[in-house]
Amino acid sequence: QVQLVESGGGLVQPGGSLRLSCAASGSIDSVYTMAWHRQAPGKEREVVAFILSGGSTNYADSVKGRFTISRDNAKNTVYLQMISLKPEDTAVYYCNAVVSLTTDWRQRNYWGKGTQVTVSS
């Protein structure tokens, strides 16, 4: 009923930049917290950044100062601006959103399919 579609991933050289986008669609009543997670090869999925509906943000220590999360509530879209990328940022990046439906008041987590970010020379 709710779909999250990521875009903007790709191959970039160390020190480069990428901007990820994720748009939520479906029978949405309200979108609450939106977040980006990532999963590197051989690693568990980890939270990268999240942003509350009011705009407050939090970041993993590993990306603090380099990544910026933002959102456009009118578009139900969350962004992740990544600069000074490092090889260790290589991962599949997943969009996550807490959403209530027009038919269901419960706040549930929804996930995108992920987009690959590869940082390599």
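Within the option set LYS113, LYS75, LYS86, being basic (Lys, Arg) and in contact with a Pro (Cβ under 9 Å, 6 or more places away or on another chain) holds for one residue only, LYS86. Say we look at segment 90-106 and pick out the residues that are open to solvent by 80 Å² or more (accessible area, probe 1.4 Å) and touching a residue at least 40 places away in the same chain (Cβ under 8 Å); which of these is farthest from GLY54 (Cα to Cα)? Residue satisfying both the conditions and the ranking: THR103. Among the residues of segment 46-59, the one identified as surrounded by 14 or more Cβ atoms within 10 Å (Cβ to Cβ) and among the small types (Gly, Ala, Ser) is ALA49. The numbered conditions (1) under 14 Å from the mean Cα position of the chain (by Cα); (2) free of Cβ contacts under 8 Å to residues at least 24 places away in the same chain; (3) part of a loop (DSSP other than H, G, I, E, B) are all true for ASN109 except (3). Selection of segment 63-89 for residues being over 12 Å from the mean Cα position of the chain (by Cα) and surrounded by fewer than 18 Cβ atoms within 10 Å (Cβ to Cβ) yields LYS64, GLY65, ARG66, ASP72, ASN73, ALA74, LYS75, ILE83, SER84, LYS86, PRO87, GLU88. Scanning segment 24-45 for residues that are surrounded by fewer than 17 Cβ atoms within 10 Å (Cβ to Cβ), small (Gly, Ala, Ser) and at negative phi turns up SER25, SER27, SER30, ALA40.
The values are calculated or read from the model by the stated rules, or taken from the named source; none is laboratory data. What you see is a predicted model, and the numbers here were worked out from it, not measured in a lab. Virtual Cβ from ideal backbone geometry, glycine too; neighbours counted across all protein chains shown. Remember, those area values only see protein heavy atoms, side chains included, never the ligands or the DNA or RNA. Shrake-Rupley method; radii C 1.70, N 1.55, O 1.52, S 1.80 Å.
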